[in-house]
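Okay, structure first, notes after.
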Amino acid sequence: MPNCIFCKIAEHNLNADIIYEDNDIVAFRDLKPQAPTHLLLIPREHIPTIEEASPAILGKLMSKASELAKKEGISAKGYRTVINCRDYAGQSVYHLHVHLLGGRWFHWPPG
Ligand code: 5GP
Ligand code: ZN
């Protein structure tokens, strides 16, 4: 999708600290991390929100998130996965992404 920054990252046309990629998904570090570890996992395909995503791609994103949590060393103490959907949740990039956050305490309920 033209002008989509996450499509550009997935195509290697915009610089990002990519830590994992395969045919279906890409994981990279958030530009403005909100925790000591803050990764974003995206489908290669341009899917705007969780609502247009297939069960298969959601499964891949979430299972890779838990795998990367172990690799990043945030699994034992705990971490958070977040998918923001549209305005009330604060979605700012309309290319589906899973936030993987860890390395500190998180509040509940979220702000
Ligand atoms: P959202 O608010 O849509 O759930 O999350 C979008 C996330 O993308 C934010 O955490 C923001 O910091 C991150 N982000 C926005 N632009 C870029 C970019 O160009 N590169 C990287 N690595 N992250 C970005
Ligand atoms: Zn996109």
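Rule-based calculations on the coordinates, nothing more; no lab input. Since the model is a prediction, treat every value here as computed from it, not as a measurement. Here the Cβ is made from the backbone with ideal geometry for all residues, glycine too, and neighbour counts use every protein chain on show.
If you add up the charges near residue 64, with Lys and Arg at +1 and Asp and Glu at -1, over every other residue whose beta carbon is less than 13 angstrom from its beta carbon, what do you get?
That works out to -1.
Which ordering of 31, 40, 100, 61 is given by a fewest-first count of other beta-carbon atoms within 10 Å?
So the residues, fewest neighbours to most, are 31, 40, 61, 100.
Given H placed 1.01 Å from N in the peptide plane, which residues other than close sequence neighbours of residue 85 have an amide H under 5 Å from its amide H?
91
With 10 angstrom as the radius, rank 88, 79 by how many other C-beta atoms surround their C-beta, starting from the fewest.
Least crowded to most crowded, the residues run 88, 79.
Please give the calculated 222 nm ellipticity per residue for the chain, where each DSSP H segment of at least 4 residues contributes -39500 (n - 2.57) and the sum is spread over every residue; nearest 500 deg cm²/dmol?
The helix-only estimate for the chain comes to -7000 deg cm²/dmol at 222 nm.
Expressed as an acute angle from 0 to 90° and rounded to the nearest 10, what is the orientation of the C-alpha long axis of helix 55-72 relative to the principal long axis of the chain?
It is inclined by approximately 50 degrees.
Using a 7 Å offset from the Cα along the Cα-to-Cβ direction at both residue 70 and residue 46, what is the distance between the two label points in nm, to one decimal?
Calculated label separation equals 3.5 nm.
Once both labels are modelled 7 Å past Cα along the beta-carbon direction, what's the residue 77-residue 31 spacing in nm?
About 2.8 nm, to one decimal.
With 10 angstrom as the radius, rank 106, 28, 6 by how many other C-beta atoms surround their C-beta, starting from the fewest.
106, 28, 6
List the lysines whose alpha-carbon lies under 23 Å from that of residue 8, not counting same-chain residues fewer than 8 positions away?
Within the straight-line cut-off, residue 8 pairs with 32, 60, 64.
Along the Cα→Cβ direction, 7 angstrom out, place labels at residue 54 and residue 5. What is the inter-label distance in nm?
About 2.9 nm separates the two model spin labels.
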